[in-house]
Structures are given as structure tokens and as C-alpha cells.
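Structure first, commentary second.
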Amino acid sequence: MKVCRWRWFRFIFFAICAAFLCSSVNAASNVLKQEKLTAAVIYQISRFVSWPESESALAHQDDELLICVLGKDRSKLLPQLQYFTSRKSKGRSIKVQSLKNRRDLLAQQSVSGGCHILFSMNGEWDELSDDDIRLLRQKTLLIGKTRDFLKGGGMLALIWVKSKINIVINPDALEGSDVKLESRLRVLAKTL
Amino acid sequence: MKQKIYIFSSFKAKLIGLMIGVTFISLLVSSVGLTVVQVKNFRDSLEASTLSNMEILSFNLIPMLVFDDSDSAQRLLASLKTRPHVKEAEVYRVDELGKLVFVARYPDGGVHFDHKDIREYISPYFVDEQHYLTYPIILDDDTVGYLYVYSVFDELGEFKLEIIVTASFIIVMCLLLALIIALKYQAILLRPLRLLVEVTEEISLNKDYSLRADSAGKDEFSHLALGFNTMLDEIENHDHQQRQAKLDIRQLNMDLEETVKKRTIELELANENLLATLDKLSQSQNKLVEQEKMASLGGLVAGIAHEINTPVGIGVTAVSHMGELVAQLELEHREKTLRPKDLERFLENANECVNITFNNLGRAADLVKSFKQVAVDQSSDSVRVIEVADYLHEILMSLRPQLKKTKHNVNIRCAPELKVRCNAGALSQMLTNFVMNSIIHGFENIEQGVIDISIERRDKRIFFTYSDDGVGMDASALSRIFDPFYTTRRGTGGSGLGAHVVYNLVTQALNGNIVAISQPGEGLRFEIDFPEGKHYVAK
């Protein structure tokens, strides 16, 4: 009788472990899909955006388009973005760079025109002051993941709703920027 | 029977027909050309407008395809309501594998058509008023999708109808105008021609070549009238000359008829004279031939007479000597001096004289017998059966007086039993003439010649061959050997009728054929054949 209980206990234990492992794997898979789609949307958005040529280091056709990821990349977006470096956006090569914190960002902005697209992970955005954001959005398209990001001065957010990405824009932030979204993209986007 | 009606039989009708035809063709060609150009331009403008709209639509569709927003694409396609000729539109996205993925269609809610491949319509395709077009949606040199539009341009059909009606109306009006102008102008244009035709008809009807066409003016018709008048001058002149010539010819004909009559009478007279002369000539020729035959017979008679003279003379001498012996015997008998020895000598001499006389008289009798038969045959045309070999020997016997003066040899080859029913006189005359010709002409300056005579029967015909090895004759003389009066010894006794007589005897009396063969120095050969027996028919 004792032996039977032990077996039953062991079966339940393995079943719980298997369920936990499956859910973990499934969750990891979903995250990977989301980041892949996010990377693709960022890339596609870059094809409908125009930057001021004089200030954004895109004066020449062979100048690269720099996509920066701010914050800790826990969900592994960078590798997904790296995939698109083999493609071109409006005839330009794409370069991806990771920025860990505000200091790296400001350093990057000070040299060679800075980032053209900045994708902010959750958490790091809050470290930026209003002046930093005002300065950034002059020549950088600021993309985040939440409505709060937009409320905090972000220009465009990729918000997941029912396994689909909704593009939401902050018109005020876009109005005050030299970075212009094409109208045909705006048709698809929702407004904050 | 149907009769063809020629609408354009007159020049007037042809002229009007030409003007109308040219006008119609010109108008038709230009109208068709303009219609085609106008329709093409209109169609191009419709197509360009469609393309322009599709370009705008495609531009706006790009983010919807990129972000796979079919709802937005559907809303955008709904804007095609403003273009009523667009009956159907579809948007497709190109996936990562290059396959087409349906995104949206217009009108919304309609049935989605299964196309083979809408990319077939990337080059616009027009069928009447239906237009198919697929527009590639391109972003940064990448084809991200396709927009397919099916339109029906009703206005294109209306435009075609309108332009055809207008062109037809213009053509009809222009043709009417051309007809009116042609009718008016042809009367003016053809007036000189009509006058010219009237003049020609008048001339043709009345043969009055003094008429002239009106050549006033400087156009082509006045040149034609001038040329026509010049031709009339020549015709009038020619007509005058022709009339004169006819009169001359008539006079000449009359003179000629008179002359012909005179000449005909003269010719008839001459003809009669000629016929009489010819008759005389024929008679003379026959007479000459007959004389020749008679002369030959006379020669034969003379020879025979000479030949008979010798035995008869010997006989006479023997009889005369016999008479003297008888007188001597009678005297000795009367004087009784007759001795037995004298009687024996008398008997011996008398016997010798009798023998001599008998032999010579017998010889003369043979000659006469031979001559008698030959002479009778030659002087008559009797047909009888002869023994050929004997008869040939008799003929040669009659020719002996001529042959014995020479050393010529005559060889006869003939079957002894051969009997032939024929004109014997002709055969005799023929052989006599051949032998005499050989002696006189063939063996001239030849001391000893050879004459070969052969006669045989083959297939109910008699083949007679006579040849000598004399001097022969050349081709020219040979070709004339049978001509009457042809001789190489005229003035020395030759009459030129010997061979001619032979030719007539063979061809007429014997009803046969004769061929003479000779070459100079190789003698002369005659080959004769004639029918025998009951097949023989004397002419």
C-alpha cells in the first residue's frame, strides 16, 4: 500500500513538471514569435519614414540606417533585428546597435548623427529626462511597447492586442519632430 | 437569254463613276484611318486614366500589404465606387515563398474568382470594351503584391458608334456633293467630246469627209479635234485617190478583160497547133520506130540474102559444072568414045556435084527457114508458145551474117525444155537490137567480145538477162539510154531508137520491166522480167 502511494506521488510530480516545462516552452516560443514580428514591423515602418538628411547622417545614399535598442534585451529582440541587416530600407543598409542605458544612448547621439530608430524596452525609458526626449525626437523615431511610452513623449508604439500588433502614434510628438511618417502609414495607425 | 447591262457604258457614266468612286474610296480610307486613330487615342486615354488611378491605389495599398491589413485594403478598394467602369478589382500579396495571397476584393462580399494567374494581365488586355489589367505593387524594388482590375468601358462603344455614325454621315454628304459636282461638271467637260462624236456620227452616216470638228479652245479636246480634222483631211484625200484608183482599176479591168479575151483566142489557136504538132510528132515517132524495126528487118534481109547467096552460088556452080560434065558425057556417048573409065569419073564428079549442091541448098534452106520465122515474128505482134532455147538459136542464126565477121562469142544459158507463151516477135526484135548494139557500140575497138544471154523462169515470171563485156557507158549516157533519138554515133549510122524500141517492146508488148546497168569499161547489162503463160496479157 505504501509502495502504491509512492508511485502515485511520483507520477503526479512528473506530470506537474511536464506541464510546467511545456508551458515554459510554449511561452518561450510565443515570446520568440512576438519579437520576430516586432522586428519585422520595425523594419517595415522604417520603409515609410523619412529623416531630415542634413541632421541625421543620411546625407549620402550609402549612409546606413541605424536601429538602436535601449535597455536590457531579455526577450532577444536584437538577434531578430540582426536578421534584417541583410536587407535594405529605402536602398540603405541597416545596422543594429544595443544601448544598455541612458549614458550609452547620449554617447551614441553625440557621435555621427545618432540612432535613426530607437526602440525602448520597458524600464529604461523612464530614466530619460524630458529634455533628453525632446532632443532625441528631433531626428530619431522613438518606438516603444506601451501607451505609457507614448504618454511619456514617445512617437510610436507597437502594442500587442490579441496576438496582433497595433500601431499607435502620438501625433503631438510626431508634429514636433523632423522625422516624418508617410501618410499611407498613418492611415493604418491608431492615434493616442 | 440574259443580257448584260453595263451601267458604265458611256464615258459620262464612267467619269461620274470615277469621281464618285475616288471620292468614296478617299473618304472611306480617311474615315477609317481617323476612326481607328480616334478610337485608339480614346482607348489609350481610358487606359492611361485607369493606370493613373491604379498607381495611386497601389501606392496607398503598400503599407496595407506590408502590415497584412486586409481590412484597410478592403476599405481602400471601396473607393473604386467613384469609377463606375471598374467592375471588379482584387489585391494580392506576395508571401515569402513568392506565392500570391488574396487580400481584398471589390465589390466587397462578391465571389472571389479563381484566376489562372492575374500576372498574365500585367500587359493591359483589351477585348472590345472590356479591359483587364494587373498592376504590380512595388516597394523599394520589391514586388510586394498585385492589383488586378477588370473594367468595362461602355463609353468606348458609345464613342465608336458615335464616330462611325458621324463618319458615315460625312461620307454620304460628300458623295452627294461629289455627285452634284460631277453631274454639273461632266456636261461642261464633255461638251467638246460630244461635238466630236456628233461629227464622227455624221461622217459615218453620210460618208461626208468634208465635215470638220470644232477645234476652238486650248484644251486637250481642241488638240484632239485638230488631230481629228487633220486625219479627216488625209481621209478625204485618200478617199479621193481611192475613188480615182477605183476608176483606173475599173478601166484597167476592162482593158485587161479585152486583152485576156484576145490572148485566150490566140492561146486556143496555139494550143490547137501544138496539139496537131504533138500528134504529128507522135505519128512521126511511131513511124520512125516502125521504120527502125523495118530497117532492122531490112538489114536482116540483106544479111540473109548475102548469106544465102554463097551456098546458092556454089550450088549453081556445082549444077553448072554438073551440066558441063553431062554435056561432055553426052558428047562422048554420041561419038561412041565413052569409056567405062570416063563414065566412072563422070559418076564420081556428078556425085560430088550433087553432094555439094545438096549441102549448099540445104544450108540455104535452113537460113531461109530461120529467117522466115524471125521475119514473120518481127513483122507481126502474134503471141504464141515458143521453145525458148531453139528460138534464141534461130535468132542468132538470123544474125549470123553480122556475127561471122567478128570473133565475138555468144553464150546462151537456157533450159532446153523451157517453153514460154509470149510475143515472140518482141523477144526476137529485142535480142536482135541488143546484139546489134553490142556489135556496133559495145565492142567498138574490141576484137573479141563475149555476149552472155540467160533466160529462166521463176515464180511464173521470165527473167531475161543480156550482158556484154564491151566499153560500157557513163552514168549520164546510161540515164538517157532509153530516150528516143539518143545516140553516141549520130551521123555515122546510129538512129538513137534501138534501145527505145527495146524499152517499148518490154514495157508494152511483153508487159514487163527493164533495167540497164553499166559502168565505163565494164560492159553493159540489161535485166528484163515479164510475165509468162496465162498471166501474160499483151497490150
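Structure values in brief
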read-out: Test: residue in the range A:113-133 that is within 14 Å of another protein chain (Cβ to nearest Cβ) and free of Cβ contacts under 8 Å to residues at least 12 places away in the same chain; value: no
read-out: Some residue of the range B:75-85 being within 14 Å of chain A (Cβ to nearest Cβ), surrounded by fewer than 17 Cβ atoms within 10 Å (Cβ to Cβ) and either in contact (Cβ under 8 Å) with a residue 12 or more places away in the chain or more than 22 Å from A:ASN166 (Cα to Cα) (or both); value: yes
read-out: Which numbered condition B:ALA225 fails, given (1) surrounded by fewer than 14 Cβ atoms within 10 Å (Cβ to Cβ); (2) touching a Pro at 6+ places or on another chain (Cβ under 9 Å); (3) not assigned by TED's automatic domain parsing to the domain that holds B:GLY17; value: (1)
read-out: Subset of the range B:60-72 [part of a helix (DSSP H, G or I) and more than 7 Å from chain A (Cβ to nearest Cβ)]; value: B:LEU61, B:LEU65, B:SER70, B:ASP71
read-out: A:LYS95 being in contact with a Ser or Thr (Cβ under 9 Å, 6 or more places away or on another chain) and within 14 Å of chain B (Cβ to nearest Cβ); value: no
read-out: Residue check for A:VAL49: among the aliphatic types (A, V, I, L, M), within 14 Å of chain B (Cβ to nearest Cβ) and surrounded by fewer than 18 Cβ atoms within 10 Å (Cβ to Cβ); value: no
read-out: Enumeration of residues in the range A:161-192 that are within 12 Å of another protein chain (Cβ to nearest Cβ) and among the acidic types (Asp, Glu); value: A:GLU182
read-out: Exclusive hit being touching a Cys at 6+ places or on another chain (Cβ under 7 Å), polar (S, T, N, Q) and either closer than 23 Å to A:GLU182 by Cα or surrounded by 15 or more Cβ atoms within 10 Å (Cβ to Cβ) (or both), set A:GLN138, A:GLN108, A:GLN80; value: A:GLN108
read-out: Out of B:ASP128, B:ASP95, B:ASP108, B:ASP71, sole residue that is out of contact with any His (no Cβ under 9 Å at 6 or more places or on another chain), surrounded by fewer than 18 Cβ atoms within 10 Å (Cβ to Cβ) and on the phi > 0 side of the Ramachandran plot; value: B:ASP128
read-out: Residues being modelled with pLDDT under 85 and among the hydrophobic types (A, V, I, L, M, F, W, C) - total across the range B:351-396; value: 9
read-out: Scope the range B:169-197; condition without any contact (Cβ under 8 Å) to a residue 24 or more places away in the chain and among the small types (Gly, Ala, Ser); matching residues; value: B:ALA187
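Yes or no, residue by residue, for (1) away from chain A (no Cβ under 14 Å); (2) assigned to a strand (DSSP E or B); (3) modelled with pLDDT of 90 or more:
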site	(1), (2), (3)
B:PHE126	yes, yes, no
B:TYR132	yes, yes, no
B:ILE138	no, yes, yes
B:LEU147	yes, yes, yes
B:GLU155	yes, no, no
B:THR166	yes, no, yes
B:VAL172	yes, no, yes
B:LEU179	yes, no, no
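The values are calculated or read from the model by the stated rules, or taken from the named source; none is laboratory data. The structure presented is a predicted model; accordingly, all values stated were derived computationally and were not measured. Ideal geometry is used to build each Cβ from the backbone, glycine not excepted, and the neighbour counts take in all protein chains shown.
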